Amino acid sequence: MTTVRSPRFLSAAAITATAVLALSACAGSAGSGGGGGGTGGGTGFDYGASQEDVDAALAELDPMNIVYQAGAQGPNSVSAQSAHDFKEYVEERSGGKITVEVIWAQAIAGYSEIDDALADGRIDVSYALPIYDPSTYPAFDALATTSAGLPNSPVVGELVGNAAIIDMAWNSEEILAGYEEQGIVPLTPVVSTGNHHAICSDAGTTLDDWKGRQVRIPSVSLEAVASNLGATPVSMEYVEVFEAIQRGTVDCTLAQLLPSEEAGLLQIAPNVSYASPESSLSSRGAGAMLAGSNFQNLPLAYQQIIFDAGEPGFVASSEVIANGNAAGVKQLREAGGEMTPLDPEAEKKYKETNDELIAQVEEDGLIGSDASQRMKDAADKWSGVAEELGYEEGGDFSTLDEWYDVEDFDFTPFAAQLFEEVYLPHRPS
């Protein structure tokens, strides 16, 4: 197991040490790709440049503020780490020339309005949930559906799964074109928010237990899963779920542990079931980190700093998901609940549903006719990287709060390799 810790953000020295040799040849040829060069102009800097070189590139630029809307509900929540780390990296790397104003709890724009807020300049950078809008982002929805077969384990499975869908997304012309059509720049085109679990007010995981349940679903693919289990799917944003379960409007939600813990959901829905390690319950790519019209008009060096925050951002995201999973299990245990494996017959049914959905994605061709094989190849690739770097699980979901410690996992080497191989061709240049 990897045990050496490093800062949540990368210092200039750390970036140089890990990346400069590998990237010096790439920096000059990196295309605008999904990152876009924008119209701000100015002089940029090579990825992995020293802080002195970065300061020189920024010397003639005016200080500026950017508005970043976080996905977290407040500065003290588990998922707030991603926003804190983004702010810290951008402000330090810019030598204080960029000030990041963090907005919590979707205070400027709800998830259904984020595209508009990015386009009209109310928000500069935002965490978003394209999965909520499959009609606008059909390729994103197709990619999320295809992710149902990714590994399912509390730490390494989450790490590998997130890397695999990011790899797929950055290499999908359809995904990137979908953002371009909306006038939006992807900084990370898809972000896994973790494996889905069945979180219910009542116990029971058999097919008989599922019959007649009202189940909140966050995506098209999970609608099919819920229906084929015998339940009635109900579509709603996760911020509405707590009250819905409390009032008995819905009996269960198919959701991740992280947002469920933040909402206190596991205190009132203390019966959680999870899938086997070989397969996720359903799709896992719900979010994205996006930039808007103001970003595209920034000086090139400022764009590069914000884009480069994706590397420490992946570290923070990996820590947030693992920490959130552990916090969720802890909250569940304190509420007298438990995590149990799904009933085998119910698991068989959802796997059949996922297979049918993935076959339909390939037939539709929105992200190609070989999407499932490409997803498998990406998962195999990043599983191999994780193994080479020494990452391993210490147990399963049900005991996660007993064995997981963030200090035992340093995700920085993994993030560096992912950034070098997948993000850099899209770096603003």
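Readers should treat all values here as calculations from the given coordinates under stated rules, not as data from a laboratory. Predicted model only: the values in this text are computed from it and were never measured. When we count neighbours, we look across all protein chains shown, and the Cβ atoms used for this are built from the backbone with ideal geometry, even at glycine.
Some points to look at:
- Ellipticity estimate at 222 nm from DSSP helix runs (n ≥ 4, -39,500 (n - 2.57)) divided over the chain, nearest 500: -13500 deg cm²/dmol
- Only the Cβ atoms of Lys and Arg (+1) and of Asp and Glu (-1) were treated as charged; on that basis the dipole of the chain about its Cα centre amounts to roughly 420 debye.
- Under 5 Å from the amide H of ASN271 lie the amide H atoms of CYS200, each residue being 5 or more positions distant or on a separate chain, with H modelled from the backbone and absent for Pro and chain starts.
- Top positive-direction residue, dipole computed over the chain with Cβ charges, set TYR47, SER219, PRO151: SER219
- Share of pairwise Cα separations in the range 54-134, more than 21 Å, in percent: 35 percent
- For the range 92-211, a simple Cβ point-charge model (Lys and Arg +1, Asp and Glu -1, everything else neutral) yields a dipole of about 360 debye relative to the Cα centre.
- Extension gain for ALA335-GLU363 works out to 5.6 nm (0.36 nm per residue, less the C-alpha to C-alpha distance).
- Summarising the overall dimensions of the range 320-429 from its C-alpha atoms, the Rg and Dmax are 18.4, 54 angstrom.
- Protection-proxy order for peptides 162-173, 338-349, each taking the mean of Cβ atoms within 10 Å per residue, highest first: 162-173, 338-349
- P(r), alpha carbons of the chain - 10 Å bins starting at zero, rounded %: 5, 23, 34, 26, 10, 3, 0
- Per residue, the Cα convex hull of the range 324-381 amounts to 133 Å³.
- As a ratio to 2.2 N^0.38 Å, the alpha-carbon radius of gyration computed for the range 83-203 takes the value 1.20.
- Annotation for GLU60 and ASP405: the two label points, set 7 Å from Cα along the Cα-Cβ direction, are 5.3 nm apart.
- Calculated over the range 237-373: convex hull of Cα atoms, volume per residue (Å³): 176 Å³
- Annotation: lysines with alpha-carbon distance below 30 angstrom to LYS330 (same-chain offsets under eight excluded): LYS87, LYS211, LYS348, LYS349, LYS351.
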